[in-house]
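Working notes, beginning with the structure itself.
What follows is calculated from the coordinates using simple rules that are stated; it is not laboratory data. None of the values given here were measured: they were computed from a predicted structure. Neighbour counts are summed over all protein chains in view; Cβ atoms, including those assigned to glycine, are modelled from backbone coordinates with ideal geometry.
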Protein chains: 4
Amino acid sequence: MKKLQLASLNSQNERTIVKVGDVEIGNELALIAGPCSVETEEQMIDTAIKAKAAGANMLRGGAFKPRTSPYDFQGLGLKGLKYLEKAKQASGLPIVTEVIDPRDVCWVSEYADVLQIGARNMQNFSLLKEVGKVNKPVLLKRGMYSTLSEWLNCAEYILAEGNPNVILCERGIRTFETYTRNTLDLSMVPAVKEITHLPIIVDPSHGTGRKSLIAPMCNASVAAGADGLIVEVHNNPCEALCDKDQALTPEEFEVIAKDVSRVYALMKEIAK
Amino acid sequence: MKKLQLASLNSQNERTIVKVGDVEIGNELALIAGPCSVETEEQMIDTAIKAKAAGANMLRGGAFKPRTSPYDFQGLGLKGLKYLEKAKQASGLPIVTEVIDPRDVCWVSEYADVLQIGARNMQNFSLLKEVGKVNKPVLLKRGMYSTLSEWLNCAEYILAEGNPNVILCERGIRTFETYTRNTLDLSMVPAVKEITHLPIIVDPSHGTGRKSLIAPMCNASVAAGADGLIVEVHNNPCEALCDKDQALTPEEFEVIAKDVSRVYALMKEIAK
Amino acid sequence: MKKLQLASLNSQNERTIVKVGDVEIGNELALIAGPCSVETEEQMIDTAIKAKAAGANMLRGGAFKPRTSPYDFQGLGLKGLKYLEKAKQASGLPIVTEVIDPRDVCWVSEYADVLQIGARNMQNFSLLKEVGKVNKPVLLKRGMYSTLSEWLNCAEYILAEGNPNVILCERGIRTFETYTRNTLDLSMVPAVKEITHLPIIVDPSHGTGRKSLIAPMCNASVAAGADGLIVEVHNNPCEALCDKDQALTPEEFEVIAKDVSRVYALMKEIAK
Amino acid sequence: MKKLQLASLNSQNERTIVKVGDVEIGNELALIAGPCSVETEEQMIDTAIKAKAAGANMLRGGAFKPRTSPYDFQGLGLKGLKYLEKAKQASGLPIVTEVIDPRDVCWVSEYADVLQIGARNMQNFSLLKEVGKVNKPVLLKRGMYSTLSEWLNCAEYILAEGNPNVILCERGIRTFETYTRNTLDLSMVPAVKEITHLPIIVDPSHGTGRKSLIAPMCNASVAAGADGLIVEVHNNPCEALCDKDQALTPEEFEVIAKDVSRVYALMKEIAK
């Protein structure tokens, strides 16, 4: 493990609590729901309202999409951010959205409540330094090829620039297994907790790539000690522009939100 | 996925319940505890009595140890099985023990209540066929390099020989991550359940290789839907001949057993 | 690296030369050709005669096939060995064939000139001990999940039983890449040579799983220092019962055999 | 394989030849040598002159170093580029140097003859688009977690912006094997050639991380069909600021350069 300084559990007396709107990540369960990509204003507003009613306390949605092929849909950009803003106004949910270019960090921060660094950009050090300079919490996804040590050192890059509000996100690593899209590595949840003071959430949608596995892996994540979940929810999954096989309906998400809250409550009790 | 027949969920109306002594794996939580390897009579009897008191309902212990080097301790063989027998008499716990050679299956079955196929032997098809012919449940560990499809087809090898009592065991796969000994792949728990009717348990001791991660991963396994756990417990971990970094004391195991029972109870309630 | 004794380069003054019929593996290029599985007498005799004419100096063919599914073709067994015997008589080529059960080692040795341990059985320690007791060279394939250290320790198991004639075979490891069937790890060729005194050959047929990649990877293997190649050649690839996508015709193999011999000659010159 | 357009072999009649100074990559063997990072003016000039004398036809050296920890040496930046310029003047060798931030592409291009995209930035799409807009060849390293399909689509990103001069570079992928730093995947050399018209070189220094393995893997790379090699050479490896275990002396490189030239010549003859 490359030596950590600011991210290390030893560097401060208490675990970091990241406040986003009313939500205190680390103190209460963060439930981030929303579509993979922002598509239309109606989609975002409708999904946001339904996600909120179903139990979400934050809204996700990508305006910039890093895609394997240059010919795939790359996101709506600024227009997408404006739809997110409207969805926030309609639902009251704070916004989590990805930024992929260091030149965009400043102005995207005006729309985002949390800046997401995606798995492909985990070691985009220029980008990490930029998000380290702004006054917004950062959701740092683990690279799909990344060791725990490398991941935590990327958090260190952000902290070292002066931004203390980093939330880690386990989203699965690349292995030989093909039944799941990635291999969700839940051991990282307690591992992160024993090394750092930062909160960690889990993304079972990308981690498994299969709708049927999301509910049990949400329960497992919270039982492992996760501080929250980020889940793909779409008001009309069949028409989603990307990741339609893993997007849940708001109704499906509602069941999950109820169940994980019970698991979270039990874990709090056990921890006493 | 290579086509399954007997292991497929579609092949029978109900999920398989494997009875071992009084325990109905699939209906109640299986808690298998014990040392990596059988070392002495005292060690086994003492560990068994304490594991039982701590909440275990089955005893594990290896008399044959597949080891990387030919010069490492290879297990006590028949003598080890006799110690297991005494531990069973003293504690009442049924015995789970590994068999590694097709020529040994017949006589090892006289001591074992469950025959374990280790990760390295998952695709030892001669061995699978032999354990398929005896009248003892088989605990089939996933190979550390094995896809879900390959693993389930190994269960099919056993079922095809006439033995319906197969228990699957996720124990971690080999990846690039080095913080943990293996990468425990908990998505396999619900994946196994949606494809087959067989029960599945989890081995967080080998799956993580770190004492500190075992408790949270036990909770996570059960929350993901696992039917049981197999955990390394030693009456004196400091003197364990192998895997001492991951062996728990009976006292540590007792706390885990209580907590996972609460998680299991909650999951039963949620499933209603 | 788990400490080696007999396999270690330091354990003897000279590199091991394994003699098989007239071929001195380690001194001259071993070219082992033949089908994945023995299917018919005609197939074997015809392939053997053509492979010999094309440049092969040893014949491969599987009578026992470890297969993922119990319902797939498992090989002809004894009948297959008898066909191999006839092919040997017709062509003069010594026979390389796999053994998968410790109970079969003794009698299979009567037909085989080299006993092959397949990738799935690399850590089948009972089998390793049995082939360590017979007076036949052993071709030890690397497990698809196996580190160099584990692989060489399996050679140590065989040597420790008294059989000094072990030939290592790199055949690709399992990774996330899907374009090739496995990832052929040619760095292992010089790595094996710097650690042990044993000869090493390469299997680019299983290593790549693609006909079009076999010729360049044969050249690369020999340029990396390999002592030989094992290549799937079938007298009628379209009708092969397994691995038809990677089987070469004798004509295709002939071109490869010529080219690699030139590369081998150049490497000998460079090494002077 | 995600559908390629401009990178596809079918998109043009002839293989792409990338001209860098006098070197025609694709027509003659590219031998790129130099240190991991630019450290001092003397180091660069001395290494460049010696590398040229030893057979190199291009010079590498990093002024921007993506490092795991924010507290590790990050490169000299502009000062490093000026040292590279002096080394170029002294030796006549064209310069290959990495760029890691889209904002730097424009001005770094004034110093670089070839812009390198490192493994960690392979899917930094903003950076790819920027290097696609400048009039300099791009050396695109494969990400250590990247499939062939993803890699070639990154080349497509650059081509789609109008820059036709992309050179691919295999540098090893991340696997479970720990003897080597990465697993050099030489099958990608012929795989790239059968799918695209772009030239491909190999980096055995990062691919193996071991000095002793570099020479054989250079020979193997060229035998597999590679159009060139990029090798770490330092005038004083013991004092190298990074990667000292894999840096060669100019004398060691000279032997390699001679040998690979002979292998290259043989492969040209065989290809006729």
Beta bridges per DSSP with both ends in the protein assembly as shown, % antiparallel, nearest 5: 15 percent
Long-range lysine pairs (8 or more apart or interchain), segment A:44-107, Cα under 16 Å: 7
Cβ charges +1 (Lys, Arg) and -1 (Asp, Glu), total dipole of chain D, debye: 420 debye
Closest Cβ on chain A to the rotation axis that carries it onto D (distance rounded to whole Å): A:TYR145, 1
Charged-residue dipole, Cβ positions (Lys, Arg, Asp, Glu), the protein assembly as shown about Cα centre, Debye nearest 20: 0 debye
Of B:GLN123, B:PRO190, B:HIS206, farthest towards positive along the dipole that unit charges on Lys, Arg, Asp, Glu beta carbons give segment B:121-241: B:HIS206
A:LEU9-B:TYR71 pseudo-label distance in nm [points 7 Å out on the Cα-to-Cβ vector]: 3.7 nm
Across the identical copies, how the C:ASP72 labels are spaced - nm, sorted shortest first, 7 Å along Cα→Cβ: 2.9, 3.0, 4.1
In order through segment B:2-19: 3J(HN,Hα) via Karplus (6.51 cos²θ - 1.76 cosθ + 1.60), integer Hz, x for Gly, Pro: 4, 4, 9, 10, 5, 7, 5, 4, 6, 7, 8, 6, 10, 5, 6, 10, 9, 8
Amide H partners (placed H, <5 Å) of B:GLY62, local residues excluded: B:SER37, B:VAL38
Taking chain D and dividing mean pair separation by its residue count, relative contact order in percent (alpha carbons under 8 Å, at least six apart): 20 percent
Positive-end residue, segment D:15-124 charge dipole about Cα centroid, Cβ charges, pick of D:GLY80, D:PRO70, D:THR40: D:PRO70
Segment D:1-78 and segment A:1-25: distance between their alpha carbon centers, rounded to Å: 40 Å
Segment A:208-252: C-alpha gyration tensor shape, a/c 1.5 cut-off, then a/b vs b/c: prolate
Whether segment C:80-171 is rounded, prolate or oblate, judged on the alpha carbon gyration tensor where a/c under 1.5 counts as rounded: prolate
Length-normalised contact order of segment B:1-57 in % [C-alpha pairs under 8 Å, at least 6 apart]: 26 percent
12 Å Cα-Cα reach of B:LYS244 towards aspartates and glutamates, excluding residues that sit fewer than 8 places from it in its own chain: B:GLU232
Across the identical copies, how the C:ALA265 labels are spaced - nm, sorted shortest first, 7 Å along Cα→Cβ: 1.5, 8.1, 8.2
Cut-off under 5 Å, modelled amide H: who pairs with C:ILE173 long-range: C:THR183, C:LEU184, C:ASP185
The protein assembly as shown: Rg to Rh, with Rh as the Kirkwood radius over Cα pairs: 0.97
Neighbour-count ranking [beta-carbon atoms within 10 angstrom, fewest first] of C:ASP245, B:ASP22, D:ASP113: B:ASP22, C:ASP245, D:ASP113
Order of A:CYS106, B:CYS238 under a 10 Å beta carbon neighbour criterion, fewest first: B:CYS238, A:CYS106
Straight-distance crosslink candidates among lysines, where the alpha carbon sits under 19 Å from B:LYS272 and sequence neighbours closer than 8 are dropped: A:LYS258, B:LYS193
Charge dipole of chain D about the Cα centre (unit charges at C-beta), most positive-ward option of D:THR249, D:TYR264, D:LEU4: D:LEU4
Calculated [θ] (222 nm, deg cm²/dmol) that DSSP helices of n ≥ 4 give over the protein assembly as shown, each run adding -39,500 (n - 2.57): -11000 deg cm²/dmol
Stokes-Einstein diffusion coefficient of segment D:130-188, Kirkwood radius over Cα pairs, 4 °C, 1.567 mPa s, in µm²/s: 105 µm²/s
FRET E, pair B:THR178, B:GLU42, Förster distance 25 Å, beta-carbon r, rounded to 0.05: 0.10
Kyte-Doolittle mean at least 0.0 and Cα axial length at least 27 Å: DSSP H helices in chain B: B:250-271
Centroid-to-centroid separation of segment A:209-272 and segment C:130-209 [C-alpha atoms, Å]: 44 Å
Shielding by partners - mean other protein chain Cβ count within 10 Å, residues of C:193-204: 1
Global geometry of segment A:9-271, whether rounded, prolate or oblate, following the gyration tensor of its Cα atoms and the 1.5 cut on a/c: rounded
Segment C:1-140 - charge dipole about Cα centre, Lys and Arg +1 at Cβ, Asp and Glu -1, debye rounded to 20: 440 debye
J(HN,Hα) series, segment C:227-243, from Karplus relation 6.51 cos²θ - 1.76 cosθ + 1.60, nearest Hz, glycine and proline x: 8, x, 9, 10, 10, 7, 10, 9, 5, 8, x, 4, 9, 4, 6, 8, 6
Placed amide H near C:VAL20: partners under 5 Å, 5+ positions off or other chain: C:ILE25
Relative contact order %, segment D:155-260, counting alpha carbon pairs below 8 Å whose residues are six or more apart: 22 percent
Inter-copy separations for B:ASP22, label at 7 Å along Cα-Cβ, nm, ascending: 5.0, 7.4, 8.9
Relative packing of C:152-163, A:246-257, which averages over residues the other C-beta atoms within 10 Å, highest first: C:152-163, A:246-257
